[in-house]
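Structure first, then comments.
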Amino acid sequence: MTTKSYMVKGMHCASCAALITKKLSKLEGIGKAEVNLATEKAKVEFTGETLTDEALNKLLGQYGFSVVSEQAPQAAECTAPVIDRKAAAEKARQEKEEELLAQKAKVQFALPIALMVFVLMMWDIAAQSFASVPNLPIPMRLFNLISMALATYMVFRIGAPFLHGIVMFVRSGAASMDTLIGIGTLTAWLYSTIITLMPEVREQLRVPDYTYFDTTIVVIGFVLLGKYLEALSKMKTGEAIEKLIGLQAKTAIVYDNGNEIEVPVEQVVKGTMLVVKPGGRIPVDGIIFSGTSSIDESMVTGEPVPVDKKPGDPVIGGTINRQGAFTFTATAVGADTMLFRIVQMVEDAQGSKAPIQNIADRIAAVFVPAVLVIAALTFIVWLTVGSAFMEFSTALTFGIMGLVGILVIACPCALGLATPTAIIVGIGKGAENGILIRNAQSLETLATIDTVVFDKTGTITVGTPSVTNIVPLDVTTTADTILQLAASVEKHSEHPLAQAIVSAANDKKIALSAVTGFEAKEGIGVQGIINENMVRVHKPEKNEQIMAAVGPLQQHGKTVVILEADGVALGLIALSDTIKPEAAEAVRELHSKGVKVIMLTGDNRLAANYMAKQAGIDEVIPEVLPHQKADRIRELQQDGRKVAMAGDGINDAPALALADVGIAMATGTDIAIESAGVTILRGDIRKVAQSITLAKATMRVIRQNLFWAFIYNVIGIPIAAGALYPFFGIVLNPVFSGIAMAGSSVSVVTNSLRLKATKLGG
Ligand code: AMP
């Protein structure tokens, strides 16, 4: 099974997206197709061989759509894909801007005419309603003829895309929003033209010489304006990704035998030594070789304070060197760089579908045909039922107004844009703040989280413990002997405690012994043979005598390990990790949102409680073996909790994957953590609360959008049909339908853009 991504052209509304999805899914060789209106992209899963672009376009061309496949990024030896991506993004933007300019020209032409006609219409309505308002100072006949000329031009030239919607409908039975507007305006135009040019038909029908040319002109004018404003704001929703792509440097300075040569960044390969000057942009990812620097990484990681770097520290491509010059070795270029992977991840996430959208999609798929049927029924009801209560000519007038009004007011685009525009803005906003959300589903779940479980080591604490006390348990053993034996065995372990013990021995310049038969027991300790003695370093067992010495240390938050040789406990080593300075604030913020905070650790209860208390954490789950972490998450879920697990993403992968949302605290450049729904760059745990704030704000906007889009159609369509007439004698002029329709999709996109201003705090 292969999945390919395509750019889609020609979509105007949710019905178009639904139509393409339907047609593609039915094509042989395609398992699943997902089309996103807001990103104008399609994801297609092929069951076997992939189909060519031509094959897809042959099918979609019939309906006025086309697709171009996007090149899959390849793990490259050079940076070309990023530059390609930047060029592609610039080209796409240029195309969009040209399209917008063309749209703008149309609006600039149509709108003044529409406004003028609108004023005349209002005047006419006022003159008929109030005796004090004089009649229009233009003879009706002349007015009709001028209106006819203008309306004809509007329908057939400016409104041509809408007519194309009708052609598509007749040819293939597939209807879109354009079809609705097309049928509505064409009907109004046709009726008006007939009664203007053929007075005998009008007399036979006994209808007044009132025409709807003005309606046609104003509807087309306003709908075009609405579409233009919608396209304009839609472009703004994608700004986050453009900003990220824009971070890529175009050139790099290669350091070659003392010479500095500027080259296009595409030419940089892994292992190249590069130079960065003060104020310069770091071209690719790498490790500092010489020099020190203060680097502004805010644009990639969201970390506001510049980070000091020295030889051996990693640097991220796209970030800016504030002070100091340095050389570094490129470790990742092109598609492997952190920046490229973030862009890829954010783009995928923005194009993904939130479960909440399913209902809107289902409605959008049947929306247009349903509206056509309702409009036709309305017309028939006015002619049959209506004419029983009023003159036929009045019933016909109302019937036409109803038909046109319904077709024009019904707006599937508001429904289609409600979810994806908010997702794009929300996920983009996260990325700008160092919060990478894997997909819309994770975002939706994140908004419902009521419990956050933090892994202790490296998440609540800094994660680099150090040795604080060495306590011999018998008089003949010295502290140095304890450290020497323990460090000799621990040298073979990767555990943070092991590294702390080894570095304490190194500090004291203690020579280590050779070890055979090394063995590590996860969550318990290590063992090995030194000079035929079995030396073990492990967590304290419940031995009363030893616990008397261990207890007081643990009460101060220290982790204590026992050194044992041939089954005899020789001494204790106490280690202490420090809690992160921002931990207490992070916990407070979560509490203020009503989220329960739990700390999970392999440590013993006393030490864990001490650390938790410092951070203000409610509950501790201590002494959990690594493989039991997922079980604890499951238990919380069985209690009905919605659990987010925050951990380092490597040791905690199963727990992260099992949690409703896994939050990986990334350090360095490992951002694509499979098991995590959210990755937080630079490991700032305050961002956990911020990500929940963002998710909640995004979901709130989606719900508002969906609500208004639904309500708008549910109320607008009956009013346009004339539902108010029997009670209040009011029939909506289709012109107001046109204005309402233009307003509805613009307001949805504007509401989504509001998310950009959400305060995440911290
Ligand atoms: P962990 O689940 O990795 O946090 O480990 C839980 C506990 O097991 C630690 O608090 C130590 O008491 C013990 N432990 C694990 N690995 C080691 C090791 N390499 N050396 C000493 N003790 C260890």
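The values are calculated or read from the model by the stated rules, or taken from the named source; none is laboratory data. These figures come from a predicted structure and were not determined experimentally. Cβ atoms come from the backbone with ideal geometry, glycine included; neighbour counts cover every protein chain shown. Note: accessible area is taken over every heavy atom of the protein model, side chains too, but ligands, DNA and RNA are not part of it. Shrake-Rupley method; radii C 1.70, N 1.55, O 1.52, S 1.80 Å.
Looking at the chain, what % of the alpha carbon pairs are farther apart than 51 Å?
Values: 94565 of 289941 pairs.
Percent of Cα pairs beyond 51 Å in the chain: 33.
Hey, what's the Kirkwood Rh for the range 1-64 if you take every pair of different alpha carbons, in angstrom? Intermediate results must be reported in sequence, preceding the final value.
Values: mean 1/r = 0.0861 Å⁻¹.
Result for the range 1-64, one decimal place: 11.6 Å.
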Could you check the simple spin-label distance between A514 and K250, using points 7 Å along Cα→Cβ, in nm with one decimal?
6.1
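Report the Stokes-Einstein translational diffusion coefficient (µm² s⁻¹, integer) for the range 500-570, Rh taken as the Kirkwood radius over Cα pairs, at 10 °C with viscosity 1.306 mPa s. Numbers along the way, then the final one.
Details: Rh = 13.5 Å.
So the translational diffusion coefficient is about 118 µm²/s.
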Determine the relative contact order of the chain: mean sequence separation of Cα pairs under 8 Å and six or more apart, normalised by residue count, in whole percent.
14
For the range 652-762, evaluate the Debye formula with one uniform point scatterer on each Cα (no solvent term) and list log10 I(q)/I(0) at q = 0.14, 0.15 Å⁻¹, rounded to two decimals.
-0.73, -0.78
If you take all C-alpha pairs in the range 146-201, what percent of them are over 17 Å apart?
40
Charge tally for neighbours of A615 with beta carbon under 15 Å away, counting Lys, Arg as +1 and Asp, Glu as -1, is -3
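Using the Kirkwood radius over Cα pairs, work out the Stokes-Einstein diffusion coefficient for the range 627-717 at 20 °C and 1.002 mPa s, in µm²/s as a whole number.
144
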Across 10 Å bins from the origin, how do the percents of Cα pairs in the range 94-173 run, short distances first?
15, 32, 28, 18, 7, 0
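When only Cα pairs under 8 Å and 6 or more residues apart are kept, what is the percent relative contact order across the range 546-685?
On the way: 226 pairs, mean separation 21.4, N = 140.
So the answer I get is 15 percent.
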Work out how much length L197 to Q62 would gain on full extension: take 0.36 nm times their residue separation and subtract the Cα-Cα distance, in nm to one decimal.
45.1 nm
Measure off 7 Å from each Cα along the Cα-to-Cβ vector at T384 and Q267, then give the distance between these two points in nanometres to one decimal.
7.9
Peptides 507-513, 274-280: what's the order by average Cβ count within 10 Å, highest mean first?
274-280, 507-513
So for each of 329-338, 474-483 I average, over its residues, the number of other beta carbons within 10 Å; can you give me the resulting order with the highest mean first?
329-338, 474-483
Give me the mean projected area, in nm² to one decimal, of the convex hull enclosing the Cα positions of the range 415-523.
11.8
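What does the extension gain come out to for R93 and S393, with contour length at 0.36 nm per residue minus their alpha carbon separation? All intermediate terms of the calculation are to be shown ahead of the outcome.
Working: separation 300, 0.36 × 300 = 108.00 nm, distance 5.17 nm.
Working it through step by step, the gained length comes to 102.8 nm.
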Please provide three numbers in whole Å: the alpha-carbon extents of the range 264-353 along the principal axes, with the largest listed first.
46, 30, 21
Of the accessible area of the chain, with the probe set at 1.4 angstrom, what percent is carbon plus sulfur?
58
D (Stokes-Einstein, µm²/s), Kirkwood Cα radius, the range 306-384, 1.567 mPa s at 4 °C:
70
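What does the accessible area per residue of the chain come to in Å², with a 1.4 Å probe and no ligands, DNA or RNA counted? Each step should come with its number before you reach the end.
On the way: 33230 Å² over 762 residues.
The answer is 44 Å² per residue.
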For T464 the rounded accessible area (nearest 10 Å², probe 1.4 Å, non-protein molecules ignored) is 100
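How many percent of the alpha carbon pairs in the range 353-422 exceed a separation of 16 Å?
Values: 1338 of 2415 pairs.
Value for the range 353-422 (Cα pairs over 16 Å): 55 percent.
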Relative contact order for the range 442-502 using alpha-carbon pairs under 8 Å, separation at least 6, rounded to a whole percent?
29
Which order do peptides 311-318, 453-460 fall in by mean Cβ count within 10 Å, highest first?
453-460, 311-318
For the range 200-287, with +1 on Lys and Arg beta carbons and -1 on Asp and Glu, the positive-most of T272, T237, F222 along the dipole:
T272
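Only helices at least 24 Å long along their axis, Cα-based, and averaging -1.0 or more on Kyte-Doolittle count here, so list those DSSP H runs from the chain.
Correct list, ordered by number: 80-129, 177-197, 213-237, 357-381, 392-409, 412-432, 686-721, 734-753.
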Can you check how the C-alpha radius of gyration of the range 324-470 compares to 2.2 N^0.38 Å, as a plain ratio?
1.94
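Taking a quarter of the surface of the convex hull around the Cα atoms of the range 475-605, what do you get in nm²? Working shown, then result.
Working: hull surface 38.4 nm².
Directional mean of the projected Cα hull area for the range 475-605 stands at 9.6 nm².
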